[in-house]
Amino acid sequence: MIHKIHLKTRKRDEMLDITYEVEKLLVQENVQEGLVVIYSSHTTAGITINENADPDVQKDFLQRLDEIYPWNLASDRHFEGNSAAHLKTSTVGASQTVIVHHGKLLLGRWQGIYFCEFDGPRERICYVKILM
Amino acid sequence: MIHKIHLKTRKRDEMLDITYEVEKLLVQENVQEGLVVIYSSHTTAGITINENADPDVQKDFLQRLDEIYPWNLASDRHFEGNSAAHLKTSTVGASQTVIVHHGKLLLGRWQGIYFCEFDGPRERICYVKILM
Amino acid sequence: MIHKIHLKTRKRDEMLDITYEVEKLLVQENVQEGLVVIYSSHTTAGITINENADPDVQKDFLQRLDEIYPWNLASDRHFEGNSAAHLKTSTVGASQTVIVHHGKLLLGRWQGIYFCEFDGPRERICYVKILM
């Protein structure tokens, strides 16, 4: 089973919590045990799993990544000027794999699944593949 | 099949080799071919695959990550003060996927599976999901 | 089904596009729906998914990683002197998981699968596991 999640991001650096969208698909398909792969089909947006409680974690997360991978770097050659976004994407990863147990995502208490936009605003697609 | 590995970490930055614990589960379940997902259910501890020979690799690994993501950063807003640990976790990843072949983890000669503690000492849980 | 891709890298920092090699295996095995895990069995070479259009993205990618993880660092202890390569490998990851749909890799328009050599030139092996 493959599902598409359509997203609209609002700015360059943004983390969208898609945990609920993924969980809805498990209920819809009545999945009890298995694996879920959440996959970004973009090269300037990735997927990560991180804290879902204090939104300041996301702020620090995006700001620190921006300091490590600054947007403008004189040595960059890529004509689009978004090399930083490509690096951030490979750092967090194009996908995450989550275990399904007793019909639920086996996430830790503070874990959420985030779509990480590093070059928005854009219309984005995230694929969800469920393996039973 | 899902298994839990209980871990006790002893300090903030520490890499625990859990390869043997994962391999024991394959023997216990008599898995010959498949995939194993090793998953950290924490937002300040991740999983990585890296060298299992010279322990100095782990020292350099943790020290360099600490330089890139310094513990104290004046611009951090997260009240717990452990934003660096959240960034390190997303950099190495919440999970790793390893192939099982002929009843063994298909690791390279120098590869080991590491639970990476970035905010200990703590009691931690690592889930292992086997797919056949 | 497990397949081996043999690679010969030509220098320390190099990204080899292996998308076509992986797609050939899907055709050969007549896989219509499933998952593919592309796995590097090395600790100084990883796998990432990134842009396959402008080769300058790869140049910027490798150069920026080299600035974050400089090859020579006085504080490194590992006798082989390649700690930077170990860090780059864990940053991009030892493996990538890609969805297979209608007999093809479900990659985005600009996505390619790259074997990332961080310590060549060397002879390398990449495993491909297909799950249906």
>> Suppose we filter segment C:51-70 for residues that are touching a helix residue (DSSP H, G or I) at 6+ places or on another chain (Cβ under 8 Å) and closer than 21 Å to A:GLY93 by Cβ; how many remain?
In response: 10
> Taking segment B:96-132 on its own, how many of its residues are assigned to a strand (DSSP E or B) and under 13 Å from the mean Cα position of the chain (by Cα)?
Replying inline: 15
>> Take the conditions at pLDDT 95 or above, away from chain C (no Cβ under 11 Å) and in contact with a strand residue (DSSP E or B) (Cβ under 8 Å, 6 or more places away or on another chain) and apply them to A:THR43. Does it pass?
In response: no
> Can you tell me which residues in segment A:71-105 are within 11 Å of chain C (Cβ to nearest Cβ), open to solvent by 40 Å² or more (accessible area, probe 1.4 Å) and over 16 Å from A:ALA45 (Cα atoms)?
Replying inline: A:LEU73, A:SER75, A:ARG77, A:PHE79
> Of the residues B:ILE49, B:ILE5, which is touching a residue at least 60 places away in the same chain (Cβ under 8 Å), more than 13 Å from B:ARG124 (Cβ to Cβ) and not in a helix (DSSP H, G or I)?
Replying inline: B:ILE49
> Which residues, taken from segment B:38-61, are of a type in the set (A, V, I, L, M, F, W, C) and open to solvent by 20 Å² or more (accessible area, probe 1.4 Å)?
Replying inline: B:ALA53
> Considering C:GLY93, C:GLY81, which residue is closer than 20 Å to B:ILE68 by Cβ, touching a residue at least 12 places away in the same chain (Cβ under 8 Å) and not polar (S, T, N, Q)?
Replying inline: C:GLY93
> Taking the stated definitions as given, is A:VAL128 in contact with a helix residue (DSSP H, G or I) (Cβ under 9 Å, 6 or more places away or on another chain) and within 13 Å of chain B (Cβ to nearest Cβ)?
Replying inline: no
>> So C:LEU35 passes all but one of these: (1) open to solvent by less than 10 Å² (accessible area, probe 1.4 Å); (2) over 21 Å from B:LEU106 (Cβ atoms); (3) not small (Gly, Ala, Ser). Which condition number does it fail?
In response: (2)
>> Given the criterion surrounded by fewer than 24 Cβ atoms within 10 Å (Cβ to Cβ) and more than 13 Å from chain B (Cβ to nearest Cβ), identify the matching residue among A:ARG122, A:ARG64.
In response: A:ARG122
> Residues B:GLU67, B:GLU33: which one is over 19 Å from B:GLY103 (Cβ atoms), out of contact with any Lys or Arg (no Cβ under 8 Å at 6 or more places or on another chain) and not hydrophobic (A, V, I, L, M, F, W, C)?
Replying inline: B:GLU67
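The values are calculated or read from the model by the stated rules, or taken from the named source; none is laboratory data. Owing to the predicted nature of the structure, the values given are computational and were not obtained by experimental measurement. Every residue, glycine as well, gets a Cβ built from its backbone with ideal geometry; the counts of neighbours run over all protein chains shown. To get the accessible areas, we keep the full protein, side chains included, count just its heavy atoms, and leave off ligands, DNA and RNA. Shrake-Rupley method; radii C 1.70, N 1.55, O 1.52, S 1.80 Å.
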